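I have placed the structure first, in the form of structure tokens, so that the comments after it can refer back to it.
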Amino acid sequence: EVQLVESGGGLVQPGGSLRLSCAASGFTFSDHYMDWVRQAPGKGPEWVARVRNKAFSYSTEYAASVRGRFTILRDDSKNSVYLQMNSLKTEDTALYYCARRGLYGGTDMWGQGTMVTVSS
Amino acid sequence: DIQMTQSPSSLSASVGDRITITCRASQGISSNVAWFRQKPGEAPKSLIYGASNLQSGVPSKFSGRASGTDFTLTISSLQPEDFGTYYCQQHNSYPITFGQGTRLEIK
């Protein structure tokens, strides 16, 4: 079955850190760019970060709101992508989705999400 | 950043109706637009890529069109299961951005 399964969410205090994981299965993970997209309660989706594939040297892109605090990385040997989140702020509270970029562009597949709550 | 202005913000329609949702990009983005539907408590579902191409398994009642910086999603023969919030996404340049969403209610 083709799927993305996120884990690692939870409650963390402002200034804290958290590492999200996404395990992919059912497709050739190494072919695809992978994204993290978040959605705050009652809001629309917000793109967070992208990691390209090996052909593009695993290069990365970030939203301005997380650049310098979040790091996206992947391990093709484990069919997994990660999001290391440091210096968390209350405004980072959201459901975090792992998402696959389709081979022709645009997101074509989403996980079920993992909730991150930043609160004291 | 490229802004995607989506309209209408909400829409109520009857079974069998045909509806159209529009996204206007703040600058040229070629055909690099995708469309999604999200139901409450669920992850988004991808519908269209490249402005007009159906994702695998998406029925042909969904169609997308591009005209300059205007992008439309049309759903024909509405059914009760088509309810939800629809979003457009531009993936032409970073940061990738989404429209504000259109909440579709079936009467």
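Values as computed for the structure displayed
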| quantity | calculated |
| --- | --- |
| Any strands (runs of 3 or more DSSP E) falling wholly within the stretch A:57-120 and containing at least 2 residues that are within 14 Å of another protein chain (Cβ to nearest Cβ) | A:60-62, A:70-75, A:94-101, A:107-110, A:114-118 |
| Count of residues meeting criterion [in contact with a strand residue (DSSP E or B) (Cβ under 8 Å, 6 or more places away or on another chain), in contact (Cβ under 8 Å) with a residue 40 or more places away in the chain, more than 7 Å from chain A (Cβ to nearest Cβ) and closer than 17 Å to B:ASN92 by Cα] in the stretch B:26-48 | 5 |
| Residue in the stretch B:13-25 that is without any contact (Cβ under 8 Å) to a residue 60 or more places away in the chain and under 21 Å from A:GLY102 (Cβ atoms) present | no |
| Set A:SER25, A:SER77, A:SER57: member being touching a residue at least 12 places away in the same chain (Cβ under 8 Å) and more than 13 Å from the chain's Cα centre (by Cα) | A:SER25 |
| Scope the stretch B:68-94; condition part of a loop (DSSP other than H, G, I, E, B) and surrounded by 21 or more Cβ atoms within 10 Å (Cβ to Cβ); matching residues | B:HIS91 |
| Breaking point among (1) of a type in the set (A, V, I, L, M); (2) part of a loop (DSSP other than H, G, I, E, B); (3) in contact with a Gly (Cβ under 9 Å, 6 or more places away or on another chain); (4) in contact (Cβ under 8 Å) with a residue 60 or more places away in the chain, for B:ALA51 | (4) |
| Any chance B:SER63 is polar (S, T, N, Q), assigned to a strand (DSSP E or B) and more than 8 Å from chain A (Cβ to nearest Cβ) | yes |
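Each value in this text was obtained by applying a stated rule to the coordinates, not by laboratory testing. On a predicted model such as this, the values are computed, not experimentally measured, just so you know. Here the Cβ is made from the backbone with ideal geometry for all residues, glycine too, and neighbour counts use every protein chain on show.
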